[in-house]
1. Checking LEU323 against (1) assigned to a helix (DSSP H, G or I); (2) in contact with a Gly (Cβ under 8 Å, 6 or more places away or on another chain), which test does it fail?
2. Would you confirm, using the coordinates I've provided, whether ARG426 is open to solvent by 70 Å² or more (accessible area, probe 1.4 Å) and not aromatic (Phe, Trp, Tyr)?
3. Any residue in the range 405-416 that is open to solvent by 20 Å² or more (accessible area, probe 1.4 Å) sitting within a Cβ distance under 8 Å of a residue that is of a type in the set (S, T, N, Q)? List the pairs, counting only those 6 or more apart or interchain.
4. Would you be able to tell me the number of residues in the range 386-404 that are among the hydroxyl-bearing types (Ser, Thr, Tyr), without any contact (Cβ under 8 Å) to a residue 12 or more places away in the chain and closer than 17 Å to ASN369 by Cα?
5. Looking at the range 242-277, which of the residues that are among the β-branched types (Val, Ile, Thr) and in contact (Cβ under 8 Å) with a residue 40 or more places away in the chain is farthest from ligand 2 (Cβ to nearest atom)?
6. Which numbered condition in (1) open to solvent by 10 Å² or more (accessible area, probe 1.4 Å); (2) under 18 Å from LEU8 (Cβ atoms); (3) in a strand (DSSP E or B) is the only one that ALA65 fails?
7. Looking at (1) under 20 Å from SER366 (Cβ atoms); (2) touching a helix residue (DSSP H, G or I) at 6+ places or on another chain (Cβ under 9 Å), which is the only condition GLY350 fails?
8. Output the residue which, of all residues in the range 264-286 that are under 30 Å from TRP221 (Cα atoms) and assigned to a loop (DSSP other than H, G, I, E, B), is nearest to ligand 1 (Cβ to nearest atom).
Amino acid sequence: MPDFGLNLENHYARLPGEFYTLMPAEQVGVQPRLIHANAKAAALIGLDPASFSDPAFAQVFSGHAPLNDFSSLAMVYSGHQFGVWAGQLGDGRALLIGQARNPAGELWDIQLKGAGTTPYSRFGDGRAVMRSTVREYLCSEAMAAFDIPTTRALSIVASNEQVQREMPEPGAVLTRLALSHVRFGHFEHFFHSSRHERVRQLADYVMAEFFPNLAGDYVAWFGEVVKRTAELMAGWQAVGFAHGVMNTDNMSILGLTLDYGPFGFMEAYEPGFICNHTDTQGRYAFDMQPAIAHWNLRALAFALPSLIPKDRLVAALDTYEALYRSRYRALMRAKLGLVREEEGDDRLIGELLNLMAKAKADYSLSFRNLSGEDVAWLALFGNGNTEARAWLSRYRARTQGEDLSGLDRVNPKYVLRNWVAESAIRAVEDHGDIATLDRIFKLVQTPFEKHDGDEAFAAPPPPDMCHLEVSCSS
Ligand code: AMP
Ligand code: MG
């Protein structure tokens, strides 16, 4: 059985059986076929990209063959969905097929998504469609390129079976990597079933492997989770990323962007942007995200009283807002190239966001174009927009003497616009065209560079791709 030279350790399975179900993958579809694989992600687990061309690769990373003698497992967790306790959930279509220690000593989870049903599938079919697999594959690379903590994606394997969603669609298996896939909902699961000793065991597992410098200090650990979550939100807001389904079962205990579903990058700026068209109340609207993350941290805190005194939990939760604000402010200042602190800076940033909202200007280009000709920036706000013109001259005056040469390394030219992801998906689904996927993959991995010939992918959608809708179905 192949191990591709990986240094496998079965850590999670050292926890008691209540934490998971050991099981092989279902072997979905027939003759799995590798669509794309990611050399940068391979490096994270110490995998030689030469293995991509090994016929065993598509077998293993679709669940048709095991990874060495590792006993794969589905994890159990619970969670709050749309603000309501949802009870037991769990890996309904994910399977941990290995944990690999890389040469730097880090332990990485290797997880298949879409490799079949598990005891936690409830009404689901355990499948993933090619569409959502391509979206997650591209978006997790985009986020990594922006230096926003995220799960990564190693490969897409076509399952060669149709999967029923609103319509039948081609299926696929994504291989996802993360230091850990443990969610807030894992802790809630054991707390809400009064298994406090299990809460402690899980915290000890997470802390020993991923927070070793905290020496088992639960208070410090929760404080660190609050901080990472606040910084993650600042990263999302600054780049204009909307997650879409911020349920507590989709919140990573390591502060990673996790579970890419109906996400979207902001195009025409609208603070209340809802990327998930099934989120009719707008609970997870773009401008709600920082507050929702705090709500989710409270749900996590609620599950930890057996480890941490209540007043310490409250004190840690109370640090969230200042941590969020200071990181967000730093990121926004960097986007404008404001290094010296000057009075009026916050107002300048606020005025820009107001102008962008009023003109529905493209979020990413409103920052990126600041480093170019005035006309290109002004065009985003509509010709003859005198307020925009006035703001720009205030901005130019303010940044006299600032070094703006690094702006293009802060403000991406390419974000994964829905229509761009859709172009990759249609190419793969309609004509098995991997070249387009590969082209877009390279853009999102190096989003600050110019990429001659691919300028169109940096722009808002062409008219025929303006009205794409994204739902939870994936
Ligand atoms: P999500 O909203 O995608 O984060 O999923 C919420 C829960 O539903 C998790 O427990 C998932 O594992 C499960 N789930 C989502 N889609 C499927 C599917 N197609 N088959 C089985 N379980 C699923
Ligand atoms: Mg989920």
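The values are calculated or read from the model by the stated rules, or taken from the named source; none is laboratory data. Predicted, not measured: the structure shown is a model, and the values here were computed from it. FYI the Cβ positions are ideal-geometry reconstructions off the backbone, even for glycines, and counts take in every protein chain you see. In case anyone asks, the SASA skips ligands and DNA or RNA and just uses the protein heavy atoms, side chains included. Shrake-Rupley method; radii C 1.70, N 1.55, O 1.52, S 1.80 Å.
1. Result: LEU323 passes all but (2).
2. yes
3. ASP408/SER371; LYS413/SER364
4. The number of residues fulfilling the criteria is 1.
5. ILE253
6. ALA65 satisfies every listed condition except (3).
7. (2)
8. TYR284
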